[in-house]
Amino acid sequence: MERIVITGASRGIGLELARQFAARGDVVFATCRNPETAGRLRALSAGIEDRFHAPALDVSDEESIRQAADWIGARVSGIDILINNAGCFAPGEDGIENVRIEPMARTFAVNAFGPVLVTKRFLPLLRGGIRPRVVNITSGAGVLWDEEGQPGRQYSYGASKAALNQLTRSLAFDLKPHGITVVGLGPGFVRTDMTRGRNAPLTPEQSAQGMIALIERIGLEQAGRFYDWTGRECDWMKRKPSRLPSLTGR
C-alpha cells in the first residue's frame, strides 16, 4: 500500500489515476481546486473513505498548496508518490494573433511553476516516504525540436511544458541526493476534456494503466529522465547537432 498525492484529479487523466490507485488498495489524496463540485471524484471515495481523500489544492496558489500539505501531513507521516498532473490550456490561442499575457501567465503558473511549488511544499512528506517519487506530467508539445515539423500554434501550452521539462531536470538534480526520484512522464494523446474533438487515440484508462506500471518501476537511476506512457524513454530536446550549421564556419 502506497501513499499517493495527485493534483488535478477531478477529471481526465488525474481522475483515472486516482481511480486505478484506489482500486489496488493505495491511500490516495486526489486533490483539485474545487472538490465540492467534483462529483465523479467524490464518488470514488464510496466505501473507502478511510484511504481516499479529496482535499482542495490550487497549484497556482501558494497558500492553497500550504493548506493542502498541512491537511495531508496531519493524516500521514509521509507520501511515496507525488503526481503533478494539474494542467491547463490557454483558451482560443491558436496562433500568434491570439496570444495574450493573462492566459499565458495563467498557463505557466499552473503547468510549469505549480509542480515546483507543490514539490517544494511536500518535501517534508516526501522525505518520510518509502522510495519517494515525483512524477511531473509533461507533453510532446514541450519538445523543442520536432522531427515531423509539428506546428507550434499553442504558444503558452507548449512553452509551459518545455519550461516544466527544464524544471523537472532541476528538481531531479536537487532531490536525488535526498533519495527522491523526479521524472517527467508523457501520458500520450488522450481523449479528455482538454483534447475534445481532436481524435485522440488513447483512453484515460489505457494511459493511466501504462503510467502506473512505469511509476512502479522507476527509482533513482531514472532521476531526471523523461518517459511516455508505454515506458519508452524520450528526449525532450530531440537535438541533432550534426544537422546544424556552424556559426563559426569551422
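Numbers at a glance
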| item | result |
| --- | --- |
| Magnitude of the charge dipole, the stretch 3-243, Cβ model with Lys/Arg +1 and Asp/Glu -1, debye to 20 | 380 debye |
| DSSP beta bridge pairing in the chain, given as percent antiparallel to the nearest 5 | 10 percent |
| Helix-only mean residue ellipticity at 222 nm for the chain, each DSSP H run of n ≥ 4 adding -39500 (n - 2.57), per residue, nearest 500 | -10500 deg cm²/dmol |
| Kyte-Doolittle mean at least -0.5 and Cα axial length at least 24 Å: DSSP H helices in the chain | 155-175 |
| Hull shadow area, averaged, the chain [alpha-carbon convex hull, nm²] | 15.0 nm² |
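No lab work stands behind these numbers, since they all come straight from the coordinates. The structure presented is a predicted model; accordingly, all values stated were derived computationally and were not measured. So basically every Cβ, Gly included, is an ideal-geometry build from the backbone, and we count neighbours across all protein chains shown.
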